[in-house]
Amino acid sequence: MSAPPSLQIREANAHLAALHARVAELERRLGAAEATVRGQAESLSRKDGELRAALAALEAAKDREIAALRERLLASEETVQRLLAAAREKDALVARLRQGSELLARICRSRPALDALLACMAEGERLGAAEPGPPRGEAAAAGRGGGGAPFGTAV
């Protein structure tokens, strides 16, 4: 076998040199890309930690707010129950007062008739006291225990 011509050797050496340069360039770019990916991964990891901490803080704040709202709800429900009880008591009082008012209204409507009746009875007693002797019907009433007033009442 014969040795390859020197021109082929030089071309092969140039091709190997270019190939070696290309591999070196690709390795440099790969190293830069790996460094970028590592930086991005570290940045994402830090950002993830920050977001997890912020999420935990939000969850704690939410839990505190829910607890505060539950307390306010319980207090409001207690207030509502107290107000309902007070309203029931006042409704019962209003019912009693309404009954008393209706009774007083009936009494007031009956008052003129009662006043007229009492005036008639008083006039009848005055007339009975002005007569000199007991009338015929009064002696019989006195015998039955009717008393001295003509209608059996003294005003």
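Rule-based calculations on the coordinates, nothing more; no lab input. Bear in mind that the values here come from a model prediction, so they are computed numbers and not experimental data. Methodologically, a virtual Cβ is constructed for each residue, glycine included, from the backbone with ideal geometry; neighbour enumeration extends over all protein chains shown.
Worth pointing out:
- Among the candidates Ala68, Ala113, Ala53, Ala35, residue that is in a helix (DSSP H, G or I) and surrounded by fewer than 10 Cβ atoms within 10 Å (Cβ to Cβ): Ala113
- A single entry from Leu74, Leu30, Leu7 fulfils the requirement of being exposed (fewer than 10 other Cβ atoms within 10 Å of the Cβ) and either on the phi < 0 side of the Ramachandran plot or of a type in the set (D, E, K, R) (or both): Leu7.
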